Amino acid sequence: MAKFCNKCQQTLEDSSFNKRADRPGLRAHCRKCCAKRPSRRKKPIMTPEQRKESQRLARKRYNETKERKAKQAAYEAHRRAAKLKATPKWLTETHLAHIAAYYECAAAISAYLGTQMDVDHIVPLKGKEVCGLHVPWNMQVMQHIGNVSKNNKLES
Ligand SMILES: [Zn+2]
């Protein structure tokens with residue numbers, strides 16, 4: 001059997017064609033034409049400086065994503081809360097994931113509405129009457145201004 005190579009425009013024997021990798025049959029271009037095609041798999045080799053620079057840019061890109069910002073917000077709140085000794089030691093991984101989800105949620109709503117949303121502690125961590133805990137069941141997502149104007153007073 002002969003087959004027409006539509007690259008070099010020649011009719012060649014079947015044996016001059018490679019088999020397709022994705023499904024049965026022969027490739028559209030002959031062996032010679034396939035060999036001539038430049039490989040796209042090889043990446044240009046970077047110098048250590050270029051690699052450093054590209055890693056720096058990748059990190060910068062990642063730091064600007066809302067996922068990263070949510071993580072950062074969760075981390076900062078966690079640190080603040082820890083300072084106030086409001087984070088119980090018995091919190092499980094699930095609790096911590098739940099807390100992180102509140103911050104991710106706030107970041108996502110902020111991005112969607114274009115207004116700053118915060119994770120608020122329903123019972124303030126440093127309230128006048130009582131001190132709340134930095135735990136998932138003491139959390140709610142609310143608008144930034146509301147969070148501040150609450151002024152650490154316990155609502156009844
Ligand atoms: Zn060919």
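What follows is calculated from the coordinates using simple rules that are stated; it is not laboratory data. Here the structure is a predicted model, which means the values were calculated and not measured. Don't worry about glycine lacking a Cβ; one is built from the backbone with ideal geometry, like all the others, and counts go over all protein chains shown.
Some notes on this structure:
- Packing-based exposure ordering (other Cβ within 10 Å, fewest first) of M1, M46, M142: M1, M46, M142
- Hypothetical label at K126: residues of the stretch 50-88 whose amide nitrogen lies under 13 Å (7 Å Cα-Cβ projection): 80-86
- Expected 222 nm ellipticity per residue - DSSP helices of 4 or more, -39500 (n - 2.57), all of the chain, to 500: -13500 deg cm²/dmol
- Computed from point charges on the beta carbon alone (+1 for Lys and Arg, -1 for Asp and Glu), the dipole magnitude for the chain about its Cα centre is near 1340 Debye.
- Cα gyration tensor shape for the stretch 83-129, rounded if a/c is under 1.5, else prolate or oblate: oblate
- One decimal place: the segment R23-A82 gains 15.3 nm when fully extended, by the rule 0.36 nm per residue minus the C-alpha distance.
- Around E67: net Lys/Arg minus Asp/Glu count, Cβ-Cβ under 14 Å: +4
- Mean Kyte hydropathy of -0.5 or more with a Cα span along the axis of at least 18 Å, helices from DSSP in the chain: 93-113
- The residue list T87, C105, S54 was ranked by how far each Cα lies along the charge dipole of the stretch 36-118 toward its positive end, using unit charges on Cβ atoms, and S54 comes out on top.
- Rg to Rh, two decimals, where the chain supplies the alpha carbon set and Rh follows Kirkwood: 1.41
- Computed over the alpha-carbon pairs of the stretch 18-102, the distance histogram in 5 Å steps reads 3, 10, 11, 11, 8, 7, 7, 9, 10, 6, 6, 5, 4, 2, 0 percent, short to long.
- Cα gyration tensor of the stretch 65-149 - equivalent ellipsoid semi-axes, whole Å, descending: 21, 16, 10
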